[in-house]
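Asks: Submitted below is the structure of interest, expressed as structure tokens.
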């Protein structure tokens, strides 16, 4: 029996200018329940790729499929209804609103009858946020903001959750907490795709890693294999060869 990918791109071309695409013909396939890390050097087009999938960057060719359904032309706000959630690196919360207001605003896309139960579920998942609903989000620490961004995305119970640089600007300790939460979310059945510069942290929780270079997918393999492949690390991920290596 053939399993339909949870998320797939076929020959995807995307960017900000039609004549200068950043993503160039990417074929990406993510199976249901997988956690896939998109890695690569700076300027490789990683963020542009996930933004194109989410619908915030124009696509000039190819297709984006969600559960086998073509969503290439579906507007951003309607992709949420199709089961796709996206947490961008910046501007992923409303800093001038309270925690509760952020969550209620995210829940507005749901039918009214569903909102109370979803909010209750999210508050149970994120007790630290639930403990101070009236705190203005702009006063939260970096890690707390990332948790609020995750909570906002999960309120719609997405099938696929995409995150762009979830560890950006966070201390190593907080990165650990955020990535532990991401793994728990993945274990609950949500398919995760994340762009991440912290290669070691990403591969520690991922099932698979794909390496993007100059807008093209250059390598795709098991996370455990990529983690211990010094040649790949040196060529694509900016790591230095071990001392004494040829």
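Asks: Please grab the % of Cα pairs in the stretch 132-230 that end up more than 15 Å from each other.
Replies: The answer is 65 percent, as a whole percent.
Asks: Follow-up question, since we're still on this one. If you take the Cα Rg of the chain and divide it by 2.2 N^0.38 Å, with N the number of residues, what do you get?
Replies: Against the compact-globule rule of thumb, the ratio is 1.02.
Asks: Measure nothing fancy, just the Cα-based angle from helix 115-125's long axis to the longest principal axis of the chain, in degrees from 0 to 90, nearest 10.
Replies: 60 degrees
Asks: When DSSP beta bridges are limited to those with both residues in the chain, what percentage is antiparallel, rounded to the nearest 5? Don't jump to the answer; show the numbers that get you there.
Replies: Numbers: 21 of 38 bridges.
Of all bridge pairs located within the chain, approximately 55 percent are antiparallel.
Asks: For the stretch 80-122, what Kirkwood radius comes out of the mean inverse Cα-Cα distance, in Å?
Replies: Radius from the Kirkwood sum: 11.6 Å.
Asks: Go ahead and set up a Gaussian network model of the chain, Cα springs under 10 Å, then flag whichever of 50, 193, 175 fluctuates most.
Replies: Result: 175 has the largest fluctuation of those listed.
Asks: Cα-based Rg of the stretch 51-153 per 2.2 N^0.38 Å, rounded to two decimals?
Replies: 1.18
Asks: Peptides 207-214, 60-67, 125-132: what's the order by average Cβ count within 10 Å, highest mean first? Let's see the in-between values first.
Replies: On the way: 207-214: 20.5, 60-67: 18.0, 125-132: 14.9.
Ranked by mean Cβ neighbours within 10 Å, highest first: 207-214, 60-67, 125-132.
Asks: Follow-up question, since we're still on this one. Cα convex hull of the stretch 1-112: how many Å³ per residue?
Replies: Per residue, the Cα convex hull of the stretch 1-112 comes to 141 Å³.
Asks: Bins of 5 Å, beginning at zero and ending with the bin holding the largest distance: percent of Cα pairs per bin for the stretch 42-107, please.
Replies: Going from the shortest bin to the longest, the percentages are 4, 15, 23, 21, 16, 12, 7, 2, 0.
Asks: Relative to the longest principal Cα axis of the chain, at what angle does helix 142-154 sit, 0 to 90 degrees, rounded to 10?
Replies: Between the helix axis and the principal axis of the chain, the angle is about 80 degrees.
Asks: Same structure, new question: Identify which of 93, 174, 155 has the largest mean-square fluctuation in a Gaussian network model of the chain, with springs joining Cα atoms closer than 10 Å.
Replies: For the chain, modelled as a Gaussian network with Cα springs under 10 Å, the answer is 174.
Laboratory data are not the source of any read-out in this text; all were calculated from the coordinates shown. Everything quoted here is computed from the prediction, not taken from an experiment. Note: ideal-geometry Cβ built from the backbone for every residue, glycine included; neighbour counts use all protein chains shown.
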